[in-house]
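Engineer: Handing you a structure now.
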Amino acid sequence: MGLGKLIRGQTLSSISYRAAEAWELAQLFDREGRRIMYESVLTVQPGQEAVLVNEGTLADIFRPGRYELTTENMPVVTALKEWKYGFDETFIVETVFVNTNDIIDIPWGTSGKLTLPDNTFGMVNLGANGKYSFAITDSAAFIHKLMGTKNRYTVEDLKGFLTSHISMMFKEIITEQPMNFFDIQGYCGEAAQALKTKLGGFLADYGITVKAMNLQIALPEAVMKAIDERAVMGAMGGMEAYAFKKQVDAQTEAMVSMAKNPGGGMNSVAGMGMQMAAGMTMAGQMGNMMGGMIQPQGGQQIPNGMAQQTAAPAAGGHRFCSQCGSPVLPNDKFCSNCGAKL
């Protein structure tokens with residue numbers, strides 16, 4: 001075998017690559033030890049960029065298309081290697097194929113629960129999660145600052161790098177923009193936009209553009225229950241109707257329990273009264289907490305004390321004994337069932 005045929009057998013005349021998976025961001029082309037030949041054909045698929053690296057220095061970048069690697073279309077590499085014009089001239093250069101497609105619906109979540117002070121609920125522990133989309137828009141910056149000497153870089157590598165940063169950014173956002181738990185949907189939209197801006201500014205230095213971001217906040221059960229209670233109160237027409245409903249629910253529950261077991265204990269008449277009284281006490285507590293949050297017509301806020309006073313009479317002028325929960329007439333001084341003073 002002549003020297004010319006030996007050299008040709010050790011050269012690479014065609015270079016192309018197709019990613020094995022959609023979440024692969026960059027892959028170093030395996031030359032299998034072969035040198036690239038002058039006028040070799042480089043094929044870059046749609047959604048790719050091919051970056052040629054010479055001895056650690058980023059050289060030329062090729063966008064989708066078919067290229068013959070000659071001195072005319074490789075000015076940077078040509079200057080580095082000082083090629084001579086000749087068919088048998090070969091050179092060593094690494095080729096990195098970068099995925100420039102939009103990478104969508106990447107899940108994220110805070111690394112742990114965040115503790116926040118709140119005027120209504122005190123200290124609240126919450127977390128957040130969501131999805132984001134991005135694209136590599138500067139292949140040179142991405143390879144230089146993120147991929148480095150890796151042969152392959154994937155979305156999982158990027159997620160591992162970003163998890164702690166996203167958690168920190170979210171904590172900054174909820175500190176800068178105090179959360180309104182009772183308008184959580186609107187707040188999530190604002191917080192998602194703020195997080196997209198922060199994350200986008202951070203990733204721009206790495207050649208990545210954030211295309212979309214959504215966010216969901218995981219609230220504690222107690223906070224979710226309070227939000228549901230407020231929604232019910234609003235649907236019923238206000239705090240008075242809501243308090244009356246809680247009283248009726250307590251009475252109904254006590255009577256059903258007594259009917260199931262007419263014996264002593266909590267199922268006796270006294271026990272029924274205690275259960276109904278507890279229900280009315282809970283209704284009053286919920287009313288006090290929610291009262292300061294209700295806005296009447298005209299936009300004037302009702303003070304907690306006034307809300308508590310106006311909530312006392314039940315609908316239709318009826319009253320209930322605070323000891324046993326039995327209904328009493330408006331002018332009664334004592335309960336006709338247990339004799340307690342009203």
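The values are calculated or read from the model by the stated rules, or taken from the named source; none is laboratory data. The shown structure was predicted, so the numbers you read here are calculated from the model rather than taken from an experiment. Please note: Cβ atoms are built from the backbone with ideal geometry, for glycine as well, and neighbour counts cover all protein chains shown. Protein only, heavy atoms only, side chains kept; ligands, DNA and RNA dropped before computing areas. Shrake-Rupley method; radii C 1.70, N 1.55, O 1.52, S 1.80 Å.
Engineer: Any chance you could count how many residues in region 94-125 are modelled with pLDDT under 80, in contact with a strand residue (DSSP E or B) (Cβ under 9 Å, 6 or more places away or on another chain), open to solvent by less than 60 Å² (accessible area, probe 1.4 Å) and of a type outside the set (D, E, K, R)?
Structural biologist: 4
Engineer: Which condition breaks for ALA128 when tested against (1) in a strand (DSSP E or B); (2) at pLDDT 90 or above?
Structural biologist: (2)
Engineer: Hey, another quick one. Check THR149 against each of (1) hydroxyl-bearing (Ser, Thr, Tyr); (2) loosely packed, with under 14 Cβ neighbours inside 10 Å; (3) closer than 26 Å to GLY127 by Cα and name the one condition it does not meet.
Structural biologist: Tallying (1) hydroxyl-bearing (Ser, Thr, Tyr); (2) loosely packed, with under 14 Cβ neighbours inside 10 Å; (3) closer than 26 Å to GLY127 by Cα, THR149 fails exactly one: (3).
Engineer: Considering only region 157-190, state which residues are charged (D, E, K, R) and within 18 Å of VAL210 (Cβ to Cβ). Please lay out each step first, then the result.
Structural biologist: Pass one, region 157-190, residues charged (D, E, K, R): 157, 159, 171-172, 176, 183, 190.
Residues satisfying the conditions are ASP157, LYS159, GLU172, GLU190.
Engineer: Look through region 189-209, keep the residues that are buried (at least 18 other Cβ atoms within 10 Å of the Cβ) and part of a helix (DSSP H, G or I), and return whichever of them is farthest from the chain's Cα centre (by Cα).
Structural biologist: LEU203
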